[in-house]
Amino acid sequence: MIRLTHRKRAIIGCAAAALAIAASSSLSAQIQAAAQGDLEADAPEALEAPSQTRGEQRLARLLEGRVAGEPTQCIRSLPSQRMQTIDGAAYVYGSGNTIWVQRTLDPEQISDTDTLVVRRYSGSQLCRSDFMTTVDRYNGFFTGAVFFGDFVPYTRVKPDAKGEG
């Protein structure tokens, strides 16, 4: 068994976070270039939209009958508030009429076998600027850094009374 000191674990975590930032900025530069038409029409298959994953299908079922609202940088977050991890798709906060969907900057890295660890700057809000990491649920090892985007509210739509009858 390899034992790492707290300092070595912190250094490894920082290095992993730096690699994740570098990878995401490289990908965003490729996407921006593709949007501006700088890449050839024969772009690599990696930029093409793949078929829906199980996580995307699960998220679609969860969002049925709901309408997206205006994205926001922070949401009110209580310790008792429910959070779902949808593998390879998003984190979903809340329940009832309005839920908040957080796709992160790299949703493919979301794994339901990891636990999200949040270091908050505000006690009652969860914001895109909070520092988040993931740890393996079973072993407690650092597995990655999470970079949030805006939170998108999805509100349940009430059936139209005119259509009934």
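At-a-glance table
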{"read-out": "Flag for Tyr93 being farther than 24 Å from Ser51 by Cα and surrounded by 19 or more Cβ atoms within 10 Å (Cβ to Cβ)", "value": "yes"}
{"read-out": "Qualifying residue in region 147-156 (condition: surrounded by 14 or more Cβ atoms within 10 Å (Cβ to Cβ), among the aromatic types (Phe, Trp, Tyr) and outside any strand (DSSP E or B))", "value": "yes"}
{"read-out": "Answer residue from region 110-126, given it is under 14 Å from the mean Cα position of the chain (by Cα) and assigned to a loop (DSSP other than H, G, I, E, B) and is surrounded by the fewest Cβ atoms within 10 Å (Cβ to Cβ) among those", "value": "Asp112"}
{"read-out": "Single unsatisfied condition, Pro107 versus (1) modelled with pLDDT of 85 or more; (2) surrounded by 18 or more Cβ atoms within 10 Å (Cβ to Cβ)", "value": "(1)"}
{"read-out": "Boolean, Leu19 is touching a helix residue (DSSP H, G or I) at 6+ places or on another chain (Cβ under 6 Å) and at pLDDT below 85", "value": "no"}
{"read-out": "For Ser129: the one exception among (1) exposed (fewer than 13 other Cβ atoms within 10 Å of the Cβ); (2) of a type in the set (Gly, Ala, Ser); (3) assigned to a strand (DSSP E or B)", "value": "(3)"}
{"read-out": "Inter-residue pairs, beta-carbon under 8 Å, first within 16 Å of Ala89 (Cβ to Cβ) and in region 142-156, second aromatic (Phe, Trp, Tyr) and assigned to a strand (DSSP E or B), 6+ apart", "value": "Phe151/Tyr93; Phe151/Trp100; Val152/Trp100; Tyr154/Trp100"}
{"read-out": "Residue satisfying condition, being of a type outside the set (A, V, I, L, M, F, W, C) and closer than 18 Å to Arg61 by Cβ, within set Arg137, Arg103, Arg128", "value": "Arg103"}
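The values are calculated or read from the model by the stated rules, or taken from the named source; none is laboratory data. Note that this is a predicted model, so its numbers are computed, not measured. Quick reminder, even Gly has a Cβ in these numbers, built from the backbone with ideal geometry, and neighbours come from all protein chains shown.
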